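The structure under discussion appears below in the form of structure tokens.
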Amino acid sequence: MEIWGLLNYAIFMATFIGIYALLSLGLNIQWGLGGLFNAGIAGFFGVGAYTSAILTTQPVDGRLGGFDLPIVIGWISAMIVAMLIAWPIEKICSRLRSDYLAIATIGIAEVIRLVIKSEDWLTNSARGITQVPRPFGDLPYFESQLAYLVIVVALVIVAYVLIERQLKSPWGRMMRAIRDNEPAARAMGKHIESRRQEAFIFGAAFMGLGGALFAHLNRSITPEAIDPMVATFLIWIMLILGGSGNNRGAILGAVVVWIIWSFTEILTDQLPHEYAIKAKYIRIFLIGLMLQLVLRFRPEGLLPEPQSGTPMPSEATGQKTKEREA
Amino acid sequence: MKNFKSVLVGGLLAATALAGSAAADNIKVGIIGGISGPIAAMAPAMVDSAQLAISQVNEQGGIGDGQKIDVVLGDSACNPQNATDSVTKAVNVSGIVALVGPHCSGATIAAANSVTIPAGILLISPSATSPEVTSLDDKDTVFRTVPSDDYQGRALARTVLGNGTKKVAVTYLNNDYGKGLAESFKAEFAGNGGEITDFAAHEEGKASYRSNLAELAKGGADTLMIFDYGDGSGLTILRQALENGFFENFIGGDGMKSDAPIKELGGENLSTFLASSPVGEKSQSLEIFNEAFKAAGGDPDAIFVTTSYDATFLTALALEKAGGDKTKMSASLRDVSNGEGEAILPGEWEKAKKLISEGTAIDYKGAAGDQNFDEKGDVPGTYALFKVSGDAFELVSEMK
Amino acid sequence: MIDLINFYIVPGLVLGSIYALGAIGITLVFSILRFAHLAHGDLATLGAFIAFAIVSGIGASPWAALPFAMIATAIVAVGIDKVFYDYLKERPKILTVMASLGMALMVRSVIQVVWGVDSESYARGIVRPENYFGIRLKDREILTVLAMVVLVVVLQLFLQKTKWGKAMRAMSDNPDLARLSGVDNRLVTIMTWSIVGGLCAAAGFFLGINSEVRSMMGWNMLLPMFAAAILGGVGRIEGAVLGGLIVGLAEELSVLILPSEYKAAMAFAILLFMLVVRPTGLLRGKVL
């Protein structure tokens, strides 16, 4: 019984980590590659989740949806709709510097959350959408979890391979050039805005997919899932800890941060009851502290960005700082 | 790097396992609620009343041969991500046999769907009021001791009409709780000839709701229905309405029956404030619970403490009846609270144990209602209207 | 008409004054220290709770507690900078933004552990507004707006007339040049954080005294405060005040045309509009 229990838990954790890895990979494209500070991941996550839920559930009175389409269509649509939403957002914010983009995207995620919470006809508002079908959901507990994990891991691997290929391609090199030295890239005639858009939209697709996978895992999606803490900031911490600019870092960050997040709860459970409740607030403190420690002692993350080609004379940060401030 | 990674992962998982394998002798019951997050202010009291039930059980003989119940406390943070994570841990690592919670509807649905239903673990939520919980495909493992929003809203509508108030304005919190109550209220109230002059949602956490109140008051109603939480924006709205002279009468759902308005606004200012709450037919149950909870240092007026207590006590009764067999939990739960049998009131664990061992049928009559589950695991709920008297709430009348 | 004033405009102005106090701090950090201070809201919460602790601890009047809360928060702000932001000075500013996000979480959880998550007030009971020729105002509302005006005037005098004020403005315009002219950047940084801490405490305090004191109160204000700062123009104090008042009024007036649950989105809509149409803000501040 013990072993089965642990195995179940490990599988569940791995599935969650997989979903977060997808979100983190998406963010890596936007931030690590494109230099775009997207603080509204929750918005794309929510859009993807709801799109898939609306498309794959049964018809319900008074609400859009009930198309009862196959799950795969739901997932692909989630990615497409997330990309569609990303396009105007990036267009509006394209001239904004990172701080401003961060604030704007926080606001956009909030508006998306409000719309989802309030519009009955679209999302069943605060009640959320339930009875979302789950692939292999009818199998017994262990098998069903395992099946879902296999699907998620497969998708993560596909995503990883896809993104790595893009990174190594001319497009990827151009993105890095733009990020590191924009004036030079512009002088060479590169169309900065379009490239940035591509990075933003490309990243958003994975966030939408992550949302869809989450909705189908729980057979439901409710507005509380679009909480900034667990759907945006946690992913940022994952990427920074893991190493922004590095895809393996993005995945590693998801692994480490989620394990720590989950583990801190077990720790606080061991305390006597009166302190256990207060201790739950301390979890947030620990996550904030972890972020500070990473920034202090290893801001490039556990797996720094792989430097391709000859290293520049003044190493990583120094030169880049001057360039970005200019 | 790869080595380091696997060592790290392995180490953390091992530590996780170690943490979970303590005290394998006792029976473990999970209490999982929104300790951090939007309902953080309400959760501690609910956890406390659940703990009260457990300590009563443990003091009066425990389960079966005297096994004690260990509590596995978890934080759902009122969102599906944390809920599924903590419930999965509780079920798989700590090995709970039943779960009291989660508190929020979205969290409950997610946790049920991904863990407790597949794993066959009994789940009783004390506060998930969304109608979506009823329609879960749950193999009869999901129950709740709090009635669906539908019931309370309708009962309140009938009572308000019955008191002669035909014209109201409605403001509700924009979440599943507030919306559910408001919609069912509206359906019944308007459907029976009442007039709702304005029906508006509001978000929590704003500093001023005066403009909202001004809009609501435009219709000329003198009664405001507030479907919100008494220690959240419900408090702010009540305060600003009283201070600026909007509306004469205020009626709230069970979320407003909280000690926060009394504490912050003063009972003397709340003479026209009424709140509904689920109660048992034998109001004796409620009194017994109130005494016991007060003696244990808790506030019996806090939101959902009655349902939380009932859920936990019922879980223990089901455990006793099932004789430790996890697969019989649902049937046992129904057995101990189906309206037939000798009445067991809150705290009467010893008596219940004796009767169960003799094979006599028992029927739990809870502090928040009789808790006779229907075939979907819901309870119909009886309600009463409360007014503020001095520093506490006082029952005014039953609601039909 | 009188209703419009009493229930929409007055609350809007009061709220706007609170936002203004916060926005000034944000605009100072933006222009002098050059990053988006995401911990601003939670710092305001801290100030409000420190005042609450003084009030409930020794039974002082809230107004007497305010100056002490401002000083205490100023000290905390300087301390936070020394420990958590200072070493990131030479690195891309975006890292400081992230550090401030972590700081927001840490400050908030400390508040929750120490004071809990219940709603608190500075004074029990309700206070009905006085009637001034049909316009209903509570004393504390008048004081809120007055305090904001006073603090702004004092700050402006400081920035324009004193040596240190000029040093701050110099650092805001061009830190390298300022350093060359003999301005001690470290001292300016400390002064900036002291002022920001004090303003945060004031914002939190006035929010608390006009509604309730809760652990999430500051975080909920973060977006409107940023909207106000950007609306007015980054680096312009008068801009922050103007921005704050506009955002506050817009939020309250929005209920007239939008469904009331979207009130919260008003600040964001303004923010987005400004960023697209005129990122320099109304009073032409900097675009960083």
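Using only atoms on other chains, find how many Cβ atoms lie within 10 Å of each Cβ of peptide C:275-281 and report the average.
Values: counts 9, 7, 0, 0, 4, 0, 0.
Per-residue shielding by partner chains comes out at 3.
For helix C:163-173, what angle does its Cα long axis make with the longest principal axis of chain C, in degrees from 0 to 90 and rounded to 10?
Long axis of C:163-173 versus the principal axis of chain C: about 80 degrees.
Please report the Cα spread of the stretch A:97-208 along all three principal axes, rounded to whole Å, starting with the longest.
For the stretch A:97-208, the Cα extents along the three principal axes come out at 59, 35, 20 Å.
Let me confirm one metric for peptide A:16-26, namely the mean number of other chain beta-carbon atoms within 10 Å of its residues' beta-carbons.
Details: counts 4, 1, 0, 1, 1, 0, 0, 0, 0, 0, 0.
The mean count of partner-chain Cβ atoms within 10 Å per residue comes to 1.
Remind me, relative contact order of the stretch C:145-288 in percent, using alpha carbon pairs under 8 angstrom and six or more residues apart?
Details: 132 pairs, mean separation 27.0, N = 144.
Taking the mean separation of contacting Cα pairs over the length of the stretch C:145-288, I get 19 percent.
Looking at the protein assembly as shown, send over the antiparallel percent of its DSSP beta bridges, to the nearest 5. Mind showing how you got there, number by number?
Working: 22 of 59 bridges.
Rounded to the nearest five, the antiparallel share is 35 percent.
What spacing in nm lies between the two simple spin-label points modelled at C:Leu180 and A:Arg186, each 7 Å away from Cα in the Cβ direction?
About 2.4 nm separates the two model spin labels.
For the interface of chains A and C, what total accessible area is buried with a 1.4 Å probe, rounded to the nearest 100 Å²? Before the final figure, lay out the partial values.
Numbers: alone 16890 and 13780 Å², together 26700 Å².
What A and C bury together is about 4000 Å².
Among all the aspartates and glutamates, which ones have a C-alpha under 13 Å from C:Lys163's C-alpha, if same-chain residues fewer than 8 places away are not counted?
By straight Cα distance, C:Lys163 reaches C:Asp184.
Hey, what angle do you get for helix B:305-322 against the long axis of chain B, alpha-carbon based, 0 to 90 degrees rounded to 10?
So the helix axis and the longest Cα principal axis differ by about 30 degrees.
Considering only DSSP beta bridges with both partners in chain B, what is the antiparallel share in %, to the nearest 5? Could the numbers behind the result be given before it?
Numbers: 15 of 52 bridges.
In chain B, approximately 30 percent of DSSP beta bridges are antiparallel ones.
Thinking of chain A as a set of Cα atoms, what percent of all their pairs are more than 37 Å apart?
Values: 9517 of 52975 pairs.
Taking all Cα-Cα pairs of chain A, the fraction more than 37 Å apart is 18 percent.
Filter B:Lys68/B:Lys376; B:Lys257/B:Lys400; B:Lys257/B:Lys365 down to the pairs with a C-alpha to C-alpha distance above 27 Å, please. The partial results should precede the final answer.
Values: B:Lys68/B:Lys376 30 Å; B:Lys257/B:Lys400 18 Å; B:Lys257/B:Lys365 21 Å.
Listed pairs above 27 Å: B:Lys68/B:Lys376.
Which of the lysines could a cross-linker bridge to C:Lys286, judged by Cα under 21 Å and excluding same-chain residues fewer than eight apart?
A:Lys322, C:Lys89, C:Lys93, C:Lys166
Treating the Cα atoms of the stretch C:174-217 as identical point scatterers in vacuum, please give the log10 of the normalised Debye intensity I(q)/I(0) at q = 0.14 Å⁻¹, two decimals.
With no solvent term, the Cα-only Debye profile gives -0.50.
Hey, can you grab everything whose amide H is under 5 Å from the amide H of B:Arg144? Only 5+ residues off in sequence or another chain; H modelled, so Pro and N-termini drop out.
For B:Arg144, whose amide H was placed from the backbone, the distant partners under 5 Å are B:Ser125, B:Val379.
Looking only at other chains, what is the average number of their beta-carbon atoms within 10 angstrom of each beta-carbon in C:199-209?
Values: counts 0, 0, 0, 0, 0, 0, 0, 1, 2, 1, 0.
Rounded to a whole number, the mean comes out at 0.
Run the quick spin-label model on B:Lys400 and C:Lys166: label points 7 Å from Cα toward the beta carbon, then report their separation in nm to one decimal.
Result for the modelled spin labels: 8.4 nm.
Over the Cα atoms of the stretch A:203-256, how large are the radius of gyration and the largest Cα-Cα distance (Dmax), in Å?
12.0, 33
Please find, in a Gaussian network model of chain B (springs between Cα atoms separated by less than 10 Å), the residue of B:Gly255, B:Gly64, B:Gly245 whose mean-square fluctuation is greatest.
Of the options given, B:Gly245 has the highest mean-square fluctuation.
Can you pull the percent of Cα pairs in the protein assembly as shown with separation above 52 Å?
Value for the protein assembly as shown (Cα pairs over 52 Å): 17 percent.
Given the options B:Asp70, B:Asp374, B:Asp138, state which has the largest fluctuation in a GNM of chain B using a 10 Å cut-off (strictly under) for Cα springs.
B:Asp374
Would you list the P(r) distribution for chain B, with all Cα-Cα distances sorted into 10 Å bins from 0 and each bin expressed as a whole %?
5, 24, 32, 22, 12, 5, 1, 0
Would you mind giving the total buried accessible surface between chains C and B, with a 1.4 Å probe and ligands, DNA and RNA left out, rounded to the nearest 100 Å²?
Values: alone 13780 and 16210 Å², together 26990 Å².
Separately minus together, C and B give about 3000 Å² buried.
Probe radius 1.4 Å, ligands and nucleic acids ignored: give me the carbon and sulfur share of the accessible area of the protein assembly as shown as a rounded percent.
Numbers: 21580 of 35210 Å².
Heavy-atom surface of the protein assembly as shown belonging to carbon and sulfur, 1.4 Å probe: 61 percent.
Per residue, what accessible area does the protein assembly as shown have, given a 1.4 Å probe and all protein chains present, in Å²? Display every interim value, and only then the final one.
Details: 35210 Å² over 1014 residues.
Value returned for the protein assembly as shown: 35 Å² of accessible area per residue.
Could you tell me how many cubic angstrom of Cα convex hull volume the stretch A:1-119 has per residue? Walk me through the intermediate numbers first.
Working: hull volume 17.7 nm³, N = 119.
Looking at the stretch A:1-119, the number lands at 148 Å³ per residue.
Under unit Cβ charges (Lys, Arg +1; Asp, Glu -1), what dipole magnitude, rounded to 20 debye, does the protein assembly as shown have relative to its Cα centre? Don't jump to the answer; show the numbers that get you there.
Values: 82 positive and 95 negative charges, 952 e Å.
Using only the charged Cβ atoms, the result is roughly 4580 debye.
Could you give the nm distance between label points at C:Leu137 and A:Ala154, where each point is 7 Å from its Cα heading toward the beta carbon?
Result for the modelled spin labels: 6.9 nm.
Starting from the Cα-Cα distance between B:Leu161 and B:Asn26, subtract it from 0.36 nm times their residue separation and give me the gain in nm to one decimal. List each step's numbers first, then the result.
Numbers: separation 135, 0.36 × 135 = 48.60 nm, distance 5.14 nm.
In short, 43.5 nm is gained.
For chain C, restrict the atom set to alpha-carbon positions and state the Rg and Dmax in Å.
18.5, 58
So which lysines pass the test for B:Lys218, namely a Cα distance under 17 Å, with those fewer than 8 places away in the same chain ruled out?
Here the lysines satisfying the reach criterion relative to B:Lys218 are B:Lys166, B:Lys167.
What are the semi-axes of the equivalent ellipsoid for the stretch B:327-367, taken as the square roots of 5 times the Cα gyration tensor eigenvalues, largest first, in whole Å?
On the way: eigenvalues 45, 31, 18 Å².
The equivalent ellipsoid of the stretch B:327-367 has semi-axes of 15, 12, 10 Å.
At the nearest 100 Å², what buried accessible area, both sides summed, do you get for A and B when the probe is 1.4 Å? Don't jump to the answer; show the numbers that get you there.
Values: alone 16890 and 16210 Å², together 28290 Å².
It comes to approximately 4800 Å² buried between A and B.
The values are calculated or read from the model by the stated rules, or taken from the named source; none is laboratory data. Computed from a prediction, not measured in an experiment: that's the story for all the values here. When we count neighbours, we look across all protein chains shown, and the Cβ atoms used for this are built from the backbone with ideal geometry, even at glycine. Note: areas computed on protein heavy atoms with side chains; ligands, DNA, RNA excluded. Shrake-Rupley method; radii C 1.70, N 1.55, O 1.52, S 1.80 Å.
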